[in-house]
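The values are calculated or read from the model by the stated rules, or taken from the named source; none is laboratory data. Values in this document were obtained by computation on a predicted structure and should not be read as measured data. Don't worry about glycine lacking a Cβ; one is built from the backbone with ideal geometry, like all the others, and counts go over all protein chains shown.
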Amino acid sequence: MQNLFNLNGKIALVTGASSGLGNHFAKTLAKAGAKVVVAARRRDKLDKLVQEISDTGGEVIAVTMDVNDMDSIRNAYDEAEKHLGLVDIILNNAGVADSKAFLEIDEESWDFTMDTNLKSVMRVAQEGCKRLVAAKRGGVVINISSLLGLAYQTLQTSYATSKAGVIHMTRCMASEMMRYGIRVNSIAPGYFKTEINADFFETERGQAYIKTIPARRLGRLDELDGPLLLLASEASSFVNGTTLVVDGGHMVKSF
């Protein structure tokens, strides 16, 4: 059973790895045996993560990648191949949130959210899949969506729409890539405390919101490890085009 989730011999690319979920995902994949390519716009912000993975015996490199720049994406893949080999696990985690009331959204903020959360998923996955197909190798794509890709929340029109797009694009990608032995799935996390939201969840309003979650608490980052390793490994060899919701029952609560 332990071998079912083993990632020895695999090379994983994690975007948005400098903080939050991406930082945690990179360490989880390394612990499972994968060689890891951690990517972010500023390579210096990845130094601590690289050191942490190296200190535990993992093999890791950091690459500079702006997910909104196709040349940057190609260069990052080239660097990964030069130092580690062909990337066969692509984890699209990079994303932004731009909380605005619907009437206050301007085209600039809308385009920035869509480019970073949705279009970048296409860019990064397409480049990685082209390389796998050319090498006649199978692989795995995992796109990080959100609970709000399935539900909704005030002040999150741009974000929720982009994450809903990720879920549907995952299905479309899966239907085309399965013939090449490439599986495409997504994870839709609920509310987990990270640097981005920690201050909010410490406020009275944030604490009140936590009480509306059926689990009556935020998720722990390690509670995403199982879903991640399931989709990244051969344990999910017949799972394709699905979205795993990891939200403490948020989606099934009674309104």
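For first residues located in the stretch 1-25 and more than 24 Å from ARG137 (Cβ to Cβ), partners that are surrounded by fewer than 23 Cβ atoms within 10 Å (Cβ to Cβ) and among the β-branched types (Val, Ile, Thr) and lie 6+ apart or on another chain with Cβ distances below 6 Å form the pairs GLY20/THR194. Report yes if VAL140 is assigned to a strand (DSSP E or B), more than 23 Å from ASP106 (Cβ to Cβ) and not aromatic (Phe, Trp, Tyr), otherwise no. Answer is yes for this residue. Within the stretch 167-180, no residue that is of a type in the set (Asp, Glu) sits with its Cβ atom under 9 Å from a residue that is exposed (fewer than 15 other Cβ atoms within 10 Å of the Cβ) at 6+ positions apart or across chains.
If the condition is being in contact (Cβ under 8 Å) with a residue 12 or more places away in the chain, in a loop (DSSP other than H, G, I, E, B) and either surrounded by fewer than 17 Cβ atoms within 10 Å (Cβ to Cβ) or out of contact with any helix residue (DSSP H, G or I) (no Cβ under 6 Å at 6 or more places or on another chain) (or both), then the stretch 219-238 contributes ARG220, SER237.
Within the stretch 239-251, residues that are more than 13 Å from PRO214 (Cα to Cα) reach partners that are of a type outside the set (Ser, Thr, Tyr) and surrounded by fewer than 17 Cβ atoms within 10 Å (Cβ to Cβ) with beta carbons closer than 6 Å, at six or more positions or on different chains, in the pairs ASN240/MET178; GLY241/ARG171; VAL245/MET251.
A single entry from SER158, SER162 fulfils the requirement of being over 12 Å from ALA188 (Cα atoms) and either touching a Leu at 6+ places or on another chain (Cβ under 8 Å) or in a loop (DSSP other than H, G, I, E, B) (or both): SER162. The residues in the stretch 197-211 that are assigned to a loop (DSSP other than H, G, I, E, B) and surrounded by 11 or more Cβ atoms within 10 Å (Cβ to Cβ) can be counted, and the count is 1. Scanning the stretch 20-65 for residues that are of a type in the set (Gly, Ala, Ser), touching a Ser or Thr at 6+ places or on another chain (Cβ under 8 Å) and part of a helix (DSSP H, G or I) gives GLY20, GLY22, ALA30. Applying the set (1) farther than 22 Å from LEU229 by Cα; (2) of a type outside the set (Gly, Ala, Ser); (3) surrounded by 15 or more Cβ atoms within 10 Å (Cβ to Cβ); (4) modelled with pLDDT of 95 or more to LYS100 leaves exactly one unmet item: (4).
Residues checked against (1) touching a strand residue (DSSP E or B) at 6+ places or on another chain (Cβ under 8 Å); (2) buried (at least 20 other Cβ atoms within 10 Å of the Cβ); (3) touching a residue at least 12 places away in the same chain (Cβ under 8 Å):
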position	(1), (2), (3)
LYS82	no, no, no
ILE89	yes, yes, yes
THR116	no, yes, yes
ILE142	yes, yes, yes
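Among the residues of the stretch 79-126, how many are within 19 Å of MET173 (Cα to Cα), among the polar types (S, T, N, Q) and assigned to a helix (DSSP H, G or I)? Selection size over the stretch 79-126: 4.
Out of ARG183, ARG179, one residue alone is over 21 Å from LEU224 (Cβ atoms) and either surrounded by fewer than 21 Cβ atoms within 10 Å (Cβ to Cβ) or under 16 Å from the mean Cα position of the chain (by Cα) (or both). It is ARG179.
Every residue, every condition in (1) crowded, with 17+ Cβ neighbours inside 10 Å; (2) without any contact (Cβ under 8 Å) to a residue 24 or more places away in the chain; (3) within 17 Å of the chain's Cα centre (by Cα), yes or no:
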site: ALA40; (1), (2), (3): yes, no, yes
site: LYS45; (1), (2), (3): no, no, no
site: SER54; (1), (2), (3): no, yes, no
site: GLU59; (1), (2), (3): no, no, no
